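Read the structure below first, then the notes.
The values are calculated or read from the model by the stated rules, or taken from the named source; none is laboratory data. If you're wondering where the values come from, they're calculated on a predicted model, not measured in any experiment. In this analysis, Cβ positions are derived from the backbone assuming ideal geometry, glycine residues included, and neighbour counts consider all displayed protein chains.
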Amino acid sequence: MKLDLIELRHIKMKLITPFKTSMGTDHFVEHLIIKITSEGISGWGECVAEANPFYSYETVKTSYHIIKDFIIPNLIGKKIFKVEDAIKIWNQIRGHRMAKAGVEAAIWDLIAKRKNISLSELMGGTRNKIDVGVSIGIQKSEKDLIEKVETYLKEGYKRIKIKIQPGYDIRPVKSIRKYFPSILLQVDANSAYSLNDKNKIKKLDNFNLLLIEQPLGYEDIYQHSKLQKELTTPICLDESIHSLDDATSAVELDACRVINIKPGRVGGFNEAIKIHNYCMKKKIPVWCGGMLETGIGRAGNIALASLKNFSLPGDISASRRYFEQDIVEPEFVINKDGTMNVPKEKGISVEVNERLLNKFTLYKEIFK
Ligand code: OSB
Ligand code: MG
């Protein structure tokens, strides 16, 4: 397949409700959308770098720069037969994993469409349905929190994750447990604590949580390994895991007993699958994290989560949990039993509504 045309655009979509975490409050999602066309077929990818460098050092603008100036010039006009052919083209670039992952995703979609198979099948997925959960931001009051949890449980979500930070941790967990003693519940601190907060974090052991996500430093593995030894609740690493090498270090040091895999954070589906396979061998459960993706990124996450060792519910929610209207058709919906169907059409299996996509586009360039 000769890569004839690449379209790179910066989009901005309003969230239905603001998303507050220990890193700040998001009212909008700004991501890049990459469309690669080859011999009349188009593949789509989403780059999940955000407007600000608060979750990751990458931003929409750094990833635009890396994709435009260092990936596209070497990709355009090239012949690609498998994903590895494309990866070789940008392998020399250090870091900037979200930028690479966005482009890699478009290549995966293109190859799956060319082979007439679904993304899930191309990745080696084994599930027809995946269990899904929802990530709830920091709320103004206990009442708001309990109402949110109740609404999502009624919609079917299998597990609830709440964001925590110092001063908003034990109390919200305790109140959820008062009303919902047995639901699957987990917390995510986005690196808001340090080892000095050990005693506070240990109190979370009393609430039968599935896991505690990324309590300490965003690049740390060693201190998490010290903390894990004092906790009965599994630590799950998110921010600290950028590669299979990181995952190996974390598992060997017992810094975590669960891993959140986000394809963007680890540089693409290829690396995500390697981490998945390694964790399966080590009996470390994994789940698919989310970056408030549009339907394009969401489709890829669902395909990834159809692999065997994605055994915990992911942060993969219905389109309506995020946006008034998604840019794909059909939108992603959740079944009453808290599952989502893994679509089996070609590639990402959904159509991109380009009229709507144009409406959300702030800036766009075409390369050929
Ligand atoms: O830490 O998992 C996180 C969103 C943006 C950045 C980081 C995180 C998140 C989420 C949202 O928790 C998960 C979702 O997409 O529903
Ligand atoms: Mg997280």
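Enumerate the helices (runs of 4 or more DSSP H) found wholly within the range 103-202, keeping only those where 1 or more residues are at pLDDT 95 or above, away from ligand 2 (no atom under 16 Å from the Cβ) and closer than 23 Å to residue 258 by Cα. Spell out how you get there, then give the answer.
Working: elements: 119-123, 142-155, 170-179.
So the answer is 119-123, 170-179.
Here is a yes/no grid of residues against (1) within 15 Å of ligand 1 (Cβ to nearest atom); (2) surrounded by 22 or more Cβ atoms within 10 Å (Cβ to Cβ):
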| residue | (1), (2) |
| --- | --- |
| 56 | yes, yes |
| 89 | no, no |
| 104 | no, yes |
| 113 | no, yes |
| 116 | no, no |
| 134 | yes, yes |
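Do you know which residues across the range 346-367 are of a type in the set (Ser, Thr, Tyr) and in contact with a helix residue (DSSP H, G or I) (Cβ under 9 Å, 6 or more places away or on another chain)? Steps first, answer last, please.
Step one: list which residues in the range 346-367 are of a type in the set (Ser, Thr, Tyr), which gives 349, 361, 363.
Residues satisfying the conditions are 349, 363.
Quick check on residue 86: is it more than 24 Å from residue 239 (Cβ to Cβ), within 17 Å of the chain's Cα centre (by Cα), assigned to a helix (DSSP H, G or I) and touching a residue at least 12 places away in the same chain (Cβ under 8 Å)?
Numbers: more than 24 Å from residue 239 (Cβ to Cβ): yes; within 17 Å of the chain's Cα centre (by Cα): no; assigned to a helix (DSSP H, G or I): yes; touching a residue at least 12 places away in the same chain (Cβ under 8 Å): yes.
For residue 86, the condition - more than 24 Å from residue 239 (Cβ to Cβ), within 17 Å of the chain's Cα centre (by Cα), assigned to a helix (DSSP H, G or I) and touching a residue at least 12 places away in the same chain (Cβ under 8 Å) - is not met.
Taking only pairs six or more apart or across chains, which ones have beta-carbon atoms under 6 Å, a first residue in the range 318-336 that is among the small types (Gly, Ala, Ser), and a second residue that is surrounded by fewer than 22 Cβ atoms within 10 Å (Cβ to Cβ)?
Every condition considered, the pairs that remain are 318/333; 319/331.
For residue 293, work out the one condition from (1) near ligand 1 (Cβ under 10 Å from one of its atoms); (2) farther than 27 Å from residue 113 by Cβ it doesn't fulfil.
The number of the failed condition is (2).
Tally up the residues in the range 219-244 that are in contact (Cβ under 8 Å) with a residue 24 or more places away in the chain, surrounded by fewer than 16 Cβ atoms within 10 Å (Cβ to Cβ) and either in a loop (DSSP other than H, G, I, E, B) or within 16 Å of ligand 2 (Cβ to nearest atom) (or both), please.
Of the residues in that region, 4 qualify.
Suppose we keep only residues that are touching a His at 6+ places or on another chain (Cβ under 8 Å) and outside any loop (DSSP other than H, G, I, E, B) within the range 261-290. Which one would you say is farthest from ligand 1 (Cβ to nearest atom)?
Within the range 261-290, the first condition is being touching a His at 6+ places or on another chain (Cβ under 8 Å), and the residues that meet it are 261, 265-267, 286.
Subset that is outside any loop (DSSP other than H, G, I, E, B): 261, 286.
On the way: 261: 11, 286: 14 Å.
Top of the filtered list is 286.
In a helix (DSSP H, G or I), under 14 Å from the mean Cα position of the chain (by Cα) and within 16 Å of ligand 2 (Cβ to nearest atom): is that true of residue 297 in this structure? Can you show your working first?
Details: in a helix (DSSP H, G or I): yes; under 14 Å from the mean Cα position of the chain (by Cα): yes; within 16 Å of ligand 2 (Cβ to nearest atom): yes.
Judged against the criteria, residue 297 is a match.
Spot the failing condition for residue 263; the list is (1) within 14 Å of the chain's Cα centre (by Cα); (2) within 22 Å of residue 63 (Cα to Cα); (3) surrounded by fewer than 24 Cβ atoms within 10 Å (Cβ to Cβ), and only one is missed.
(3)
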